[in-house]
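The values are calculated or read from the model by the stated rules, or taken from the named source; none is laboratory data. Because the structure is a prediction, the values reported are computed rather than measured. Please note: Cβ atoms are built from the backbone with ideal geometry, for glycine as well, and neighbour counts cover all protein chains shown.
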Amino acid sequence: MPTSFKRVLLKLSGEALMGEESYGIHKATLDGIVDEIAQVVANGTEVAIVIGGGNIFRGVALGSTGMDRATADYMGMIATVMNALALQDAIRQKGLEARVQSALRIDQVVEPYIRPKAIRYLEEKMVVIFAAGTGNPFFTTDTAAALRGAEVGAEIVLKATKVDGVYSADPAKDPSATRYASLTFDEAIAQNLKVMDATAFALCRDQRLPIRVLSVFKPGALLAAVRGEQEGTLVHI
């Protein structure tokens, strides 16, 4: 692993923006996450972000209670656009430049996803936020993160979660659970560890794109991961 990555793809869940709330966006939590992103930008690293929408709308949950799954997923994609706009605004308030690109066409609000423009923005040191997942139902934002990471040439996917890595069992339920410092893709599959959904995980493995799982709430964790330090859990070939 390099001492410091040149370009990273950060996967943020919508739930990360809630803080201690049960839904929506908690401003102080959002500002704290942006502070961590700003440290990475100051490090000279190019940052692309895929944002989820679970704090506003959980498509799979509603799909399972009778709503048409494709319709529910499209609603979830629109929720990610709302989160992306909030994140863009918070980043700009920190004095950084950010662009939102959406996989769904909402031209009056955000620009569409265009790969060469996204790469140019990254080269110009703008934070690029990818919204609306892949633009297709039945695919998660984890899959969008793997896809966009591969497309823009990210060197690693940083999955920022509520826990500080991948554990042998759910640490909230099993106090004896241990955290892995590193795993291979094959080891994670063999042990049925839920690092990402299966489609995203297979894509990262096939593209030889490593994943590092870390806590979104631990100060300095994101910068440490970008600098190649042993933070959270690294999943690699």
note = Counting only residues that are of a type in the set (Ser, Thr, Tyr) and either exposed (fewer than 12 other Cβ atoms within 10 Å of the Cβ) or assigned to a loop (DSSP other than H, G, I, E, B) (or both), the range 153-176 contains a total of 2
key: Within the range 206-237, considering residues that are touching a residue at least 24 places away in the same chain (Cβ under 8 Å) and part of a helix (DSSP H, G or I), the one farthest from Met196 (Cα to Cα)   = Leu223
key: Subset of the range 16-48 (residues that are assigned to a helix (DSSP H, G or I), of a type in the set (D, E, K, R) and surrounded by fewer than 17 Cβ atoms within 10 Å (Cβ to Cβ))   = Lys27, Asp31, Asp35
request  = Look through Glu21, Glu15, Glu111 and report the one residue that is within 22 Å of Val213 (Cα to Cα), of a type outside the set (S, T, N, Q) and either touching a strand residue (DSSP E or B) at 6+ places or on another chain (Cβ under 6 Å) or modelled with pLDDT under 95 (or both).
outcome  = Glu15
ask   = Quick one: in the range 103-129, which of the residues that are touching a residue at least 40 places away in the same chain (Cβ under 8 Å) and in a loop (DSSP other than H, G, I, E, B) is surrounded by the most Cβ atoms within 10 Å (Cβ to Cβ)?
value = Ala103
query = Identify, please: which residue in the range 130-139 is surrounded by 20 or more Cβ atoms within 10 Å (Cβ to Cβ) and hydrophobic (A, V, I, L, M, F, W, C) and is, among those, farthest from Gln39 (Cα to Cα)?
reply = Ala132
